[in-house]
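Note sheet for the following structure.
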Amino acid sequence: MMVKSMTDHSNTRVVVGMSGGVDSSVVALLLKQQGYDVVGVFMKNWDDTDENGVCTATEDYKDVAKVADKIGIPYYSINFEKEYWDRVFTYFLDEYKKGRTPNPDVICNKEIKFKAFLDYAMDLGADYIATGHYARLSHDEDGTMHLLRGVDSNKDQTYFLSQLDSATLQKVMFPLGEMVKPDVRKLALNAGLATAKKKDSVGICFIGEKNFKEFLGHYLPATPGKMMTFDGEVKGEHAGLMYYTIGQRRGLGIGGDGEDNEPWFVIGKDLKKNILYVGKGYHNPHLYATHLDASDLHFVTNEDLGNDFHVTAKFRYRQKDSGVTVHFNDDHTAVTVTFDDPVRAITPGQAVVFYRGEECLGSGMIDAAYNDERVLQYI
Ligand SMILES: Nc1ncnc2c1ncn2[C@@H]1O[C@H](COP(=O)(O)OP(=O)(O)OP(=O)(O)O)[C@@H](O)[C@H]1O
């Protein structure tokens, strides 16, 4: 049943980024029900055609078509493979070459979904774009935007949106920000959308469920080397530093030994010497950092935060916030972030995202983590 809305939105065109998943299907449904002039657009960012000619993008686009037909909206497909390769994938490989663990989704949002896609949508006459991200927006009287966590704390995606700016967000809608995922699925089921039961996407979009090691090995040469403790005891061989992340346990091929039988973890990398450092125990003290350096800063907020401020931060997506003090360097291009309590497994290449209560203030990219003055990764 069409729900008649109080305000007439029929002259407001919203281009919905439709991935063929349930979230963006429901976004299109809700906006159409609210009377907007809705257009669905599917982006093809990656060619994953396999040896049998099967490609997930083709399947996803078929789902977009089914949903768009059901809702009664026009839909298109746009190819951003080149933009994605140049602006996201190249960055992703460069980061691995530097021994870091990048977060391509943060860059994809900044460069593709909320830049290339936004520009394309504007050319289609859009007033706004909408996506199925779980995040909320609010604005001041002068139009300044604030990015807020999604109500569903399990799904909140502000971490990935933390490098967008206020001017961009003025052209964006996140219709699912006030909703929880189970209710989104229910809406899709009740409306008979083909994607209602489609499972959520996992991991990095272009890798999907493929074997990560195999995928990366296809693009970057791996140089095996020594796996050893900080005391110099050689424990085995690593397959190439890029395959390992600080704090990782799986895939080391060395079981717990000695009386304690505690498992081994990656505790450091030396890129110059091609050494992977390992240490015993989940709570190995070498894994705990007291502060970090970050650069490539982007703030959503236009507010002057001062040179030092106390906020909370996340150092990876699925993590609770920690209390931190942020200190800008002299020209405001980098920060030192000091933790209220030591934090485990800080990973260079990931984003450090700053929050004040519900508001996501912005983020930077982690360059190095320290345990007092000792650097935890030698790159
Ligand atoms: N290939 C695509 N084409 C168009 N829009 C996309 C595409 N991939 C993602 N998006 C947009 O970005 C949003 C967040 O992407 P993400 O990959 O996190 O999807 P998701 O949370 O699994 O959502 P969905 O269920 O819609 O796939 C999507 O809801 C959709 O609006």
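Every number in this text was worked out from the coordinates using simple rules, so none of it is lab data. A quick note: this is a predicted structure, and the numbers were derived from the prediction, not measured. Cβ coordinates were reconstructed from backbone atoms using ideal geometry, including for glycine residues, and neighbour counts include every protein chain displayed.
The long axis of helix 22-33 is offset from the longest Cα principal axis of the chain by roughly 30 degrees.
Beta bridges per DSSP, both residues in the chain: antiparallel share near 75 percent. From largest to smallest, the equivalent ellipsoid semi-axes obtained for region 221-280 from the alpha-carbon gyration tensor read 19, 12, 10 Å. Using bins of 10 Å that start at zero, the share of Cα-Cα pairs per bin across the chain amounts to 5, 21, 29, 24, 15, 5, 1, 0, in whole %. Rounded if a/c is under 1.5, else prolate if a/b is larger than b/c, else oblate: which is region 37-89, with a ≥ b ≥ c the root eigenvalues of its Cα gyration tensor? Oblate, since a/c reaches 1.5 and b/c is not below a/b. Magnitude of the charge dipole for region 221-280, about its Cα centre and with charges confined to Cβ atoms of Lys, Arg (+1) and Asp, Glu (-1), is about 380 debye. Taking each DSSP H run with n ≥ 4 as -39500 (n - 2.57) and averaging over every residue of the chain yields -5500 deg cm²/dmol at 222 nm. For region 283-296, putting each phi into the Karplus relation 6.51 cos²θ - 1.76 cosθ + 1.60 with θ = phi - 60° gives couplings of 9, 3, x, 5, 7, 9, 9, 9, 7, 9, 10, 9, 9, 6 Hz, in residue order, rounded to whole numbers and with x for Gly and Pro.
Note on the chain: GNM, Cα springs under 10 Å; of ILE366, ILE207, ILE275, the largest mean-square fluctuation is that of ILE207.
Taking amide H positions as modeled 1.01 Å from N, with prolines and chain starts lacking one, the residues under 5 Å from HIS238 and 5 or more places away or on another chain are GLY225, LYS226, MET227. In terms of its C-alpha gyration tensor, region 31-175 has an oblate overall shape, because the principal axis ratio a/c (a ≥ b ≥ c, square roots of the eigenvalues) is not below 1.5 and a/b does not outweigh b/c.
If you run the Gaussian network model on the chain, springs between alpha carbon atoms under 10 Å, then out of HIS283, HIS218, HIS238 the most flexible one is HIS218.
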